[in-house]
Each structure stands twice: as C-alpha cells, then as structure tokens.
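Structure, as structure tokens:
The values are calculated or read from the model by the stated rules, or taken from the named source; none is laboratory data. This is a predicted model, so every value here is computed, not measured. When we count neighbours, we look across all protein chains shown, and the Cβ atoms used for this are built from the backbone with ideal geometry, even at glycine.
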Amino acid sequence: MTKPIRLAVFLSGSGSNAEKIFLYFNNHATIEVACVLSNNPQAVGLQRAEKFGLPARVFSKTQLRESDEVISWLKEAGVTHVVLAGFLWMIPPNLVRAYRQRIINIHPALLPKFGGKGMYGSKVHEAVKAASERETGITIHEVNEQYDEGRILFQGKCPIHPKFSVEQIAEQVQRLEHAHYPRVIEQWVNETK
Ligand code: GRF
C-alpha cells in the first residue's frame, strides 16, 4: 500500500546522505521514498538505491530544463516532496513551481556564508578554511529559484580547530549531515502536509 508522503530523492554523486534517508524511511509508517533521480548514470548513489530496491531514473539537462518530462515522472510516481541529496544542477523554475515549498536541500556550510553558484563539495570547505572560520556546519533549506536562498529550516554547527585540514572539516560536516538530514526531512514534511 502506498504511503501518504512520497519522496523523490535527487542525487548526482556518492549519495551517502541519500542512503541515510533510504534507511531512515525504510518501513516508516507514513513516509516512503518513491523514486530516485539523477543526472549522472555513474552516480554511486544509484547503486545504493538499487540495494534498497528503489526505482531510479536518469535524465539529461534538456529533459530537466527544457521540458516537463521530469515533472511528469514525479506526478506519475505520486511524489509529494522532493529531496535534494548532493544534486548538483540548479532546479529549473517549472519544477520549483510544480513543487513550491516542497523541495528541500542540504548545504555543507552555514548559509548565507559560503553558498551560491560553484560552492559545492570540497570547494565549500576550502573556502571555509581559507577564511579562517572558527566554526562551520550544515544548512537545510527549502529550494526556490535562487541557489541556496530558500527558507532555512535547520542549521547545525561544529567548531573548527585552526589546524584542521579540509578533509577533517569535511568529515565533521558530513557527520552532522548524516545525523540531522533524515530527521529534519521528517519534521518538514509533517509541517507541510
Ligand atoms: C553533501 O555535502 C551535501 O551537503 C551537498 O552535497 C553533498 C552530498 O554528499 N549538497 P553525498 O553524495 O550525500 O555523500
């Protein structure tokens, strides 16, 4: 039987956050992952989805940006909310409109600092280190037409020792992501039902 809240998880790469989401909502009473979508057929996250038996689809830039095809897939799958978990392309206006306030993203820094176009992956942590920041963290936010500018739902912080390498910063941030993203998604969908 399908559950009332159906998530589509978009990913482009490793999908470690996506996996935590698959685990968290596996056998959940009211929320399920309905499908996984990616722009990258080689994404390791797609293999993780397969292990959970989740249906997955890959789309091209043209399909996402210049048609309503992806929106049609989501509607056909009964998707109620979209979760971005390491998805690297901008969400086009037609998709934002179709799922207004129903798209969530996680960013590996404390927005509005270290956000915007080109700020992804280790580039974020390199910039944080170069700025000699004493703390960093994660931001979970709704997605609108601008990169990294939707309503902030949650921020979690961690301290940075001046001797930390970029990798050490990344590790700390990833730990925060894995600990909080599934729970924040659950709370958010329950508020926006
Ligand atoms: C995470 O750092 C997330 O904040 C950002 O992309 C990264 C995805 O990592 N949006 P993974 O693919 O979940 O391991």
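A few points about this structure:
- Among the residues listed as Ile106, Ile138, the single one being within 25 Å of Asn27 (Cα to Cα), within 16 Å of the chain's Cα centre (by Cα) and not hydroxyl-bearing (Ser, Thr, Tyr): Ile106
- Residue count for segment 1-18 satisfying the condition of being surrounded by 18 or more Cβ atoms within 10 Å (Cβ to Cβ) and not in a loop (DSSP other than H, G, I, E, B): 9.
- In segment 21-49, the residues that are in contact (Cβ under 8 Å) with a residue 12 or more places away in the chain form Cβ pairs under 6 Å with partners that are in a helix (DSSP H, G or I) and charged (D, E, K, R), at six or more places apart or across chains, as follows: Arg48/Glu19.
- Some residue of segment 24-43 being at pLDDT 95 or above, of a type in the set (A, V, I, L, M) and assigned to a helix (DSSP H, G or I): no
- Residues of segment 136-160 that are modelled with pLDDT under 95 and out of contact with any Pro (no Cβ under 6 Å at 6 or more places or on another chain): Asn144, Gln146, Tyr147, Asp148, Glu149, Gly150.
- Top-ranked residue of segment 101-129 - restricted to ones that are within 8 Å of the ligand (Cβ to nearest atom) and among the aliphatic types (A, V, I, L, M), ranked as nearest to Asn144 (Cα to Cα): Ile106
- Selection within segment 116-128 - modelled with pLDDT under 95 and either under 14 Å from Thr139 (Cβ atoms) or in contact with a Leu (Cβ under 8 Å, 6 or more places away or on another chain) (or both): Gly116, Met119, Tyr120
- Count of segment 80-91 residues which are within 16 Å of the ligand (Cβ to nearest atom), touching a strand residue (DSSP E or B) at 6+ places or on another chain (Cβ under 8 Å) and of a type outside the set (Gly, Ala, Ser): 5
- Those strands (runs of 3 or more DSSP E) lying entirely in segment 80-193 with at least 3 residues more than 25 Å from Val58 (Cβ to Cβ): 135-142, 152-159
- If you go through segment 32-79 and keep only what is out of contact with any strand residue (DSSP E or B) (no Cβ under 9 Å at 6 or more places or on another chain) and of a type in the set (Lys, Arg), you end up with Lys51, Lys61, Arg65, Lys75.
- Checking Asn144 against (1) within 28 Å of Ile5 (Cα to Cα); (2) within 15 Å of the ligand (Cβ to nearest atom); (3) in contact (Cβ under 8 Å) with a residue 40 or more places away in the chain; (4) surrounded by fewer than 17 Cβ atoms within 10 Å (Cβ to Cβ), the condition it does not meet: (2)
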